[in-house]
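Scroll down for the structure; my scribbles are underneath it.
Just so it is clear, none of the values below were taken in a lab; they were calculated from the coordinates. Everything numeric here is computed off the predicted structure, so don't read it as measured data. Ideal geometry is used to build each Cβ from the backbone, glycine not excepted, and the neighbour counts take in all protein chains shown.
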């Protein structure tokens with residue numbers, strides 16, 4: 001890479017080849033990611049509570 005001008009031309013040419021998503025595709029994908037985050041957090045919250053109850057039950061035998 002000897003010439004920065006050539007490098008910038010190549011970068012511009014490669015960026016022109018990219019198929020950019022539409023606004024609608026971006027919004028749908030963002031919504032799906034948000035939904036998966038909510039579902040995953042609900043799953044881990046419920047799993048954590050079940051484990052907490054189970055450990056509390058087991059430890060109650062030691063009293």
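Does residue 59 qualify as being surrounded by 10 or more Cβ atoms within 10 Å (Cβ to Cβ), over 15 Å from the mean Cα position of the chain (by Cα) and assigned to a helix (DSSP H, G or I)? First the steps, then the outcome.
Numbers: surrounded by 10 or more Cβ atoms within 10 Å (Cβ to Cβ): no; over 15 Å from the mean Cα position of the chain (by Cα): yes; assigned to a helix (DSSP H, G or I): yes.
The answer is no for residue 59.
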Output the residues belonging to the range 11-32 that are in a helix (DSSP H, G or I) and surrounded by 10 or more Cβ atoms within 10 Å (Cβ to Cβ). 11, 25, 26, 27, 28, 29, 30, 31, 32
